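**Q** If you scroll down you'll find the structure; I have some questions about it.
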Amino acid sequence: MAGKKAVVIFGATGDLAQKMLYPSLYFLDAEGHLPEGLTVTGFARTDIGEADFIAHTHAAVVERAGKAFTEEAWKKFSARLHYCKGDLDSEKDFRALAKTLDGADDCLYYLSTSPNFFGKIARNLKATGLAHPGARVAVEKPIGHDLASCRRIEEDLSEAFSEDRIFRVDHYLGKETVQNLIALRFANAFFEPLWNKESIEHVQITVAETIGVERRWSYYDSYGALRDVVQNHLLQLLCLVAMEPPASLDPDVVRDEKVKVLHSLRRIGSDEVERETVRGQYRKGFSDEGTVPGYCEETGGAASETETFVAVAAHIDNWRWAGVPFYLRTGKRMPIRSTEIVVQFRQVPHSIFPHHDLIANRLTIRLQPEEEISLQLMNKTPSLDRGGMRLKPLSLDLSLSDAFKRQRRRIAYERLFLEALEGNRILFVRRDEVEAAWKWIDAIIGGWKERDMKPLPYTAGTWGPSSAFALTERNGHSWYE
Ligand code: NAD
């Protein structure tokens, strides 16, 4: 049947699919964004029937949607749902999937599985005729474990799909504030002339989580913080902060600029890792839940040399950023949950306020827990000022949740689904971007191995090992917390 549309979610009973993907599709449907007749088929090995799968998904959507849930919208959405129990290794099960899809010729396959399956899924889709010209594939990060495994997966994907049909997801790119970075930089005249080494002293990008690894231990232990967060989210944010102004918002024009940043990142190898990076692993400590176990105790005391914290002093060797450190930091079991970019401007060249230590301007772009932008400025305090003008740093705050109060805060995946369904690639990562990111990460991992650099312990509920502070302090900078 011509023009029949379908979404297939591989790994449909998994954590990501249930917590994020199905609720996102539900919201899109509730707001009228899903095309008439589009079906949503879940594929997983969980041995349940379709009715039980739909009941399970109902519970997940109710939980995620909270007050925004309505039975009426669910009724419409659930009519689209199907479930196909199958094994990702089995071509036969893909044939059964093809039957369920009933000739749909405009399909989006969302691979919400371990990256070990990406190649197999692509091969089975091709072998069963499902990788037809009207098909697109969306793949979750991380793509591989290093550059070599990433390339193997990419080869398999490209055997079945052309580059314009592959949508590599980094859900940070679906976040409102991340897109707002582009608006902030290129829709306001006053930032861009200052956006360089003359005016900016350094940049900090932090992704801090209060949770530990818990249920995801076995996945996480083979990845660690550098591969799990720096390789994708942190480098994507760095690219958006550091890229040159693109000539247009054309997906390839923007992605060309991001790749140039990745190519300009100074290599950190065995001679530099001890100076430019810090690895940490949490030990028993405290969180909002009270006393929490150390990383190795979470699975009953397995030995592990995987880092749960990493800090890197990155340098971008180009004309705009020469000499400006970009400090990247991510960790689990940090004191607060926070994702933010801090752009630290330089001090004024000459102070006419002899009795004051002027505090240099600072732009903070916060993604989590709230989406906010604030600019710290020096201000005169209202007073008669006998004996000299009094100054105080104050912030100009833009709270996106206050500014757009009546708008629901969207799940990043809603926008990503919509863009992928419409074939718009701007929010997705291109193959050369992923490979350039892995190349930089591989050098660090190789350096750690050569130097036998093991993670340093830090107490859960703190900001990582003390050497993370030394990383910035030796340049006269400090982390903002
Ligand atoms: P998960 O382990 O919770 O779910 C895996 C899913 O794959 C399940 O539905 C399972 O039934 C299915 N599956 C596994 N082996 C199968 C097989 N042989 N045949 C058929 N189905 C099989 O994993 P997850 O946490 O949902 O993560 C999925 C992907 O998304 C991973 O690549 C992960 O790195 C990525 N990711 C997850 C999160 C998250 O919050 N969970 C966030 C970002 C990215």
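**Q** How long is the gain from residue 211 to residue 192 if the chain were fully straight, where each residue apart is worth 0.36 nm and the alpha carbon distance is subtracted? If you can, show how the numbers build up before the last one.
**A** Values: separation 19, 0.36 × 19 = 6.84 nm, distance 3.66 nm.
Additional length available on full extension: 3.2 nm.
**Q** I would also like to ask the following. Using DSSP to call loops (not H, G, I, E or B), can you name the trypsin sites (Lys or Arg not before Pro) in segment 417-477 whose Cβ has at most 16 other Cβ atoms within 10 angstrom?
**A** Details: sites: 425, 430, 431, 439, 449, 451, 474; in loops: 425, 430, 451, 474.
Answer in residue order: 451, 474.
**Q** If you roll a 1.4 Å probe over segment 5-169 with all protein chains in place, what percent of the accessible area is carbon or sulfur? Numbers along the way, then the final one.
**A** Numbers: 3540 of 6990 Å².
Carbon plus sulfur share of accessible area: 51 percent.
**Q** Quick check: the distance between the Cα centres of segment 50-74 and segment 144-194, to the nearest angstrom?
**A** 30 Å
**Q** Remind me, relative contact order of the chain in percent, using alpha carbon pairs under 8 angstrom and six or more residues apart? Spell out each step's value before the answer.
**A** Details: 866 pairs, mean separation 85.7, N = 481.
The normalised contact order for the chain reaches 18 percent.
**Q** At q = 0.09, 0.10, 0.11, 0.19 Å⁻¹, what log₁₀ I(q)/I(0) does segment 5-169 have when each alpha carbon counts as one equal point scatterer in the Debye sum?
**A** Relative scattering, expressed as log10 I(q)/I(0), comes to -0.28, -0.35, -0.43, -1.23.
**Q** Straight-line reach only, C-alpha to C-alpha below 28 angstrom: list the lysines that residue 4 could link to, leaving out same-chain residues fewer than 8 apart.
**A** Here the lysines satisfying the reach criterion relative to residue 4 are 19, 75, 76, 85, 92, 99, 120, 126.
**Q** Between residue 162 and residue 469, what is the spin-label point distance in nm, taking each point 7 Å from the Cα along the Cα→C-beta axis?
**A** It is 5.6 nm.
**Q** Assuming R0 = 30 Å, can you tell me the calculated FRET efficiency for the pair residue 176 and residue 456, based on Cβ-Cβ distance, to the nearest 0.05? Spell out each step's value before the answer.
**A** On the way: r = 36 Å, r/R0 = 1.19.
Approximately 0.25, to the nearest 0.05.
**Q** Counting only C-alpha contacts under 8 Å and six or more residues apart, can you give the relative contact order of segment 299-420 as a whole percent?
**A** Relative CO of segment 299-420 lands at 15 percent.
**Q** If you take the beta carbon distance between residue 358 and residue 383 as r and set R0 to 25 Å, what does 1/(1 + (r/R0)^6) give as a FRET efficiency, to the nearest 0.05?
**A** Given R0 = 25 Å and the Cβ-Cβ separation, E is 0.90.
**Q** Relative contact order, percent, of segment 5-169 when contacts are C-alpha pairs under 8 Å separated by at least 6 residues? Could the numbers behind the result be given before it?
**A** Details: 253 pairs, mean separation 40.9, N = 165.
Here the relative contact order equals 25 percent.
**Q** I'd like the projected area of the chain, averaged over all directions, using the convex hull of its alpha carbons. Report it in nm² with one decimal. Before the final figure, lay out the partial values.
**A** Numbers: hull surface 102.3 nm².
Mean projected area of the Cα convex hull: 25.6 nm².
**Q** Follow-up question, since we're still on this one. How large is the accessible surface per residue of the chain, computed with a 1.4 Å probe and reported in Å² as a whole number?
**A** Each residue of the chain exposes 45 Å² on average to a 1.4 Å probe.
**Q** Take each of the peptides 55-63, 388-396, average the number of other beta-carbon atoms within 10 Å over its residues, and list them starting from the highest.
**A** Values: 55-63: 16.8, 388-396: 13.3.
The packing order, highest mean first, is 55-63, 388-396.
**Q** How much of the accessible area of segment 349-403, probe 1.4 Å, is carbon plus sulfur, in whole percent?
**A** Details: 2040 of 3710 Å².
Heavy-atom surface of segment 349-403 belonging to carbon and sulfur, 1.4 Å probe: 55 percent.
The values are calculated or read from the model by the stated rules, or taken from the named source; none is laboratory data. Being a predicted model, the structure only gives us computed values, none of them experimental. Note that we place each Cβ from the backbone using ideal geometry, even for glycine, and neighbour counts take in every protein chain shown. SASA here: full protein model, heavy atoms, side chains in, ligands and nucleic acids out. Shrake-Rupley method; radii C 1.70, N 1.55, O 1.52, S 1.80 Å.
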